[in-house]
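Reading through the structure tokens given below for one structure.
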Amino acid sequence: MRIIGIDPGLRNTGWGIIESKNNRLIHIDNGRISPPSISSVGERLLFLENKLSVIVKKYNPNLSAIEQIFVGPGTGSSLKLGMARGVSILVLAQAGLQIKELPPKLVKKTITGYGSASKDQIKSMIEKLLNTIPKNEDSADALAIAISAQHIGYDKINSKSSDSHNGLNSAIAKALLKEKNV
């Protein structure tokens, strides 16, 4: 089972690919997509869509997981994060992947045992769990998201998700697959 984890952002989107074989986690690859900062928002989103599409096609994951939005005090940054999440979800849906959204605290707790773990604690645990050094903080977070999805199990995540999200994700994926076949 191959899983892609996505830590979305308009400036930096982390991605990580793991594989689960015989109760072992295997690191496949990880990285960060960083659109040029001088680009317009539309150009940055297009850059993200193009790069993430290439990654999904190259690694052909079976499942996907993305971090849920954490809404902080800045509504502008939350809106920009939402745009990057939307593009990421679209790419995953176009690939026909089931998309699971994981709360940041759940990811931290799954990886470190502590829901308010620091970025350094997450990176350190990723290094131990996968016997690799993530390329950056964003990809470490994405690997943590992928590991959390595998550890928790998709059936359990699925039952905790709202039916409207599952129905919407499923409908988007089916519609996109139909469009490809036309």
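The values are calculated or read from the model by the stated rules, or taken from the named source; none is laboratory data. Every value quoted in this text rests on a predicted model; they were computed, and no experiment measured them. As a convention, Cβ positions derive from the backbone with ideal geometry for all residues, glycine included, and neighbour counts pool all protein chains shown.
See the values below:
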item	result
Residue in segment 60-73 that is modelled with pLDDT under 95, assigned to a helix (DSSP H, G or I) and under 24 Å from I111 (Cα atoms) present	no
Top-ranked residue in segment 30-40 [being in a loop (DSSP other than H, G, I, E, B) and touching a residue at least 24 places away in the same chain (Cβ under 8 Å); ranked as farthest from G86 (Cα to Cα)]	S37
Any hit, segment 41-59, residues being assigned to a loop (DSSP other than H, G, I, E, B) and either surrounded by 15 or more Cβ atoms within 10 Å (Cβ to Cβ) or in contact with a helix residue (DSSP H, G or I) (Cβ under 7 Å, 6 or more places away or on another chain) (or both)	no
Neighbours by Cβ (under 6 Å, 6+ apart or cross-chain): first from segment 115-131, within 27 Å of K21 (Cα to Cα); second among the hydroxyl-bearing types (S, T, Y)	Q121/T112; M125/T112
Hits in segment 86-105 - residues which are of a type outside the set (G, A, S), assigned to a helix (DSSP H, G or I) and at pLDDT 95 or above	V87, I89, L90, V91, L92, Q94
Qualifying residue in segment 22-29 (condition: over 14 Å from the mean Cα position of the chain (by Cα) and assigned to a loop (DSSP other than H, G, I, E, B))	yes
Residue among G113, G86 that alone is among the small types (G, A, S), surrounded by fewer than 17 Cβ atoms within 10 Å (Cβ to Cβ) and under 18 Å from I152 (Cβ atoms)	G113
